[in-house]
Amino acid sequence: QVQLVESGGGLVQPGGSLRLPCVASGSIFSVNLMGWYRQAPGKQRELVAVITSGGASNYAGSVRGRFTISRDNAKNTVYLQMNSLKPGDTAVYYCKLQSGPLGYWGQGTQVTVSS
């Protein structure tokens, strides 16, 4: 069983920054893919960024250049550094771990960008 716990969400003004950590625990294979997704009200969940256990990353076009995903394999933790936040970034942010055919989700953390 794998558990993912996100934190770091909150209310921030446009142009501000937040850092979201997600800690994974349980039976985790060393080779895996971790990522961040988000879901705004009335919209489908969408990919924000993913990173392999080897450190290769990919981003949605809407966040490239503003968000940075990183991970600490020793701590089974993935981070999402979000800079230059916009109101359109408001959503519940979810962490996901993909290990072979199995995918695990966290409970989500709310990010609200508003003045």
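The values are calculated or read from the model by the stated rules, or taken from the named source; none is laboratory data. Everything quoted here is computed from the prediction, not taken from an experiment. Cβ placement follows ideal geometry from the backbone for every residue including glycine, while neighbour counts extend to all protein chains displayed. What goes into the accessible areas is simple: the full protein's heavy atoms, side chains included, and nothing from ligands, DNA or RNA. Shrake-Rupley method; radii C 1.70, N 1.55, O 1.52, S 1.80 Å.
A compact table of results
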item	result
Failed item in (1) among the hydroxyl-bearing types (Ser, Thr, Tyr); (2) open to solvent by 40 Å² or more (accessible area, probe 1.4 Å); (3) out of contact with any Leu (no Cβ under 9 Å at 6 or more places or on another chain), with THR68 passing the rest	(3)
Elements of type strands (runs of 3 or more DSSP E) contained in region 1-81, each with 1 or more residues being on the phi > 0 side of the Ramachandran plot and at pLDDT below 95	18-26
Any hit, region 94-103, residues being open to solvent by 60 Å² or more (accessible area, probe 1.4 Å), without any contact (Cβ under 8 Å) to a residue 60 or more places away in the chain and either acidic (Asp, Glu) or outside any strand (DSSP E or B) (or both)	yes
Test: residue in region 8-26 that is over 22 Å from SER115 (Cα atoms), without any contact (Cβ under 8 Å) to a residue 60 or more places away in the chain and open to solvent by 60 Å² or more (accessible area, probe 1.4 Å)	yes
